[in-house]
1. Return a whole-number percent for the relative contact order of the chain, with Cα pairs under 8 Å and 6 or more residues apart as the contact set.
2. Report the Cys residues of the chain lacking a disulfide-compatible partner, meaning no second Cys Cβ under 4.7 Å from their Cβ.
3. Report, to the nearest 10°, how far helix 196-209 tilts away from the longest principal axis of the Cα atoms in the chain, using its own Cα long axis and a range of 0 to 90°.
4. Whole-Hz Karplus ³J(HN,Hα) for region 65-72, in order, using 6.51 cos²θ - 1.76 cosθ + 1.60 and θ = phi - 60°, x for Gly and Pro?
5. Could you estimate the translational diffusion coefficient of region 76-189 from the Stokes-Einstein equation, with Rh from the Kirkwood formula over C-alpha pairs, at 20 °C and 1.002 mPa s, in whole µm²/s?
6. Relative to the first principal axis of the alpha-carbon coordinates of the chain, what is the inclination of helix 254-274, with its axis defined by its Cα atoms, in degrees from 0 to 90 and to the nearest 10?
7. With a/c under 1.5 counting as rounded, go ahead and sort region 1-157 into rounded, prolate or oblate using the C-alpha gyration tensor (a ≥ b ≥ c being the square roots of the eigenvalues; past the cut-off, prolate if a/b is larger than b/c, else oblate).
8. Among residues other than Arg208 whose Cβ falls under 14 Å from its Cβ, what is the net charge (Lys/Arg +1, Asp/Glu -1)?
Amino acid sequence: MIASGVFVGIYTTEYAHALRDRNGHTFKGELERIGYLRDSRVGEHPLAAYFELHIEQGPILDHEGITIGVATGAQGQRWYEVNAKGTDAHAGSTPMPNRRDVMLACAQATLGVNRIALGHAPAGMGTVGLVDVRPNSRNVIPGHVFFTVDLRHPDGATLLQMHREFESMIVRVAEQTRTELTSECVLDLKPTRFNENCVRLVREAAQRLGYRHRDIVSGPGHDAVNVSSVTPTAMVFMPCVDGISHNELEEAREEELAAGANVLMHAILECDRTSCGAQ
């Protein structure tokens with residue numbers, strides 16, 4: 001969502017270009033490498049409305065046998081980067097009570113993230129998705145761990161409460177493990193409600209075409225979330241098999257992809273006919 005973030009002014013072009021991946025490659029350098037670096041000014045062309053088609057990336061539509069998801073908005077997200085510092089020490093000669101084991105701290109924090117999400121069920125989500133252990137040796141107690149935390153909820157007040165619980169939990173884990181844990185919130189994405197007129201057009205297109213459909217809140221973030229801040233926006237969801245996404249097993253059925261494309265086309269045509277973006 002960096003590109004859409006730049007388009008709507010959340011990030012500057014310079015910020016995006018300077019971003020580096022874990023191998024040190026810059027965003028600008030990779031755009032140049034694949035021939036996508038251009039001189040056009042970001043956001044210079046106006047948008048009447050924005051419709052985005054996507055697989056659900058979750059199991060609800062597939063498990064309920066529903067062809068079209070009418071996305072009414074997207075849940076909020078908070079991303080954190082956590083650095084845990086302890087002491088490298090030998091695994092065979094350092095007594096357990098003397099250890100400052102940051103892998104233990106990471107494990108306890110991961111359980112804590114899980115408890116926070118479950119404490120705000122069913123909509124609360126919590127994930128530790130990336131862990132970098134150093135020195136990453138089988139016979140050395142780790143002295144540094146970097147890990148990421150992803151908290152999500154469709155209600156802004158609840159997400160803020162989850163944030164406060166997370167901060168308290170990090171302090172508690174550091175004390176219990178005699179380690180140093182510092183966290184930085186690197187993304188604070190508020191819950192989003194899509195434009196009612198555009199959402200209605202998606203819903204009416206599904207009805208008119210005879211597809212089973214239901215309203216749904218997007219779990220993942222999408223470019224539509226960013227673009228909704230500058231133009232009327234809606235999304236069309238299609239099922240993916242067993243809700244599997246971000247995985248090589250990800251699969252969507254051809255007939256359901258076609259249904260999604262049909263709904264997208266009819267919603268856009270009706271938006272153009274009625275100037276829905278101007279309402």
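1. Working: 542 pairs, mean separation 88.5, N = 279.
Once normalised by length, the contact order is 32 percent.
2. Unpaired cysteines in the chain: Cys106, Cys185, Cys198, Cys240.
3. 70 degrees
4. Whole-Hz 3J(HN,Hα) from phi for region 65-72: x, 10, 7, 10, x, 9, 6, 8.
5. 149 µm²/s
6. 60 degrees
7. On the way: a/c = 2.83, a/b = 1.46, b/c = 1.94.
Since a/c reaches 1.5 but b/c is at least a/b, the shape of region 1-157 is classed as oblate.
8. +2
Values in this text are rule-based calculations from the coordinates and carry no lab data. This structure is a prediction, so every number in the text was calculated from the model and none was measured. Neighbour counts are summed over all protein chains in view; Cβ atoms, including those assigned to glycine, are modelled from backbone coordinates with ideal geometry.
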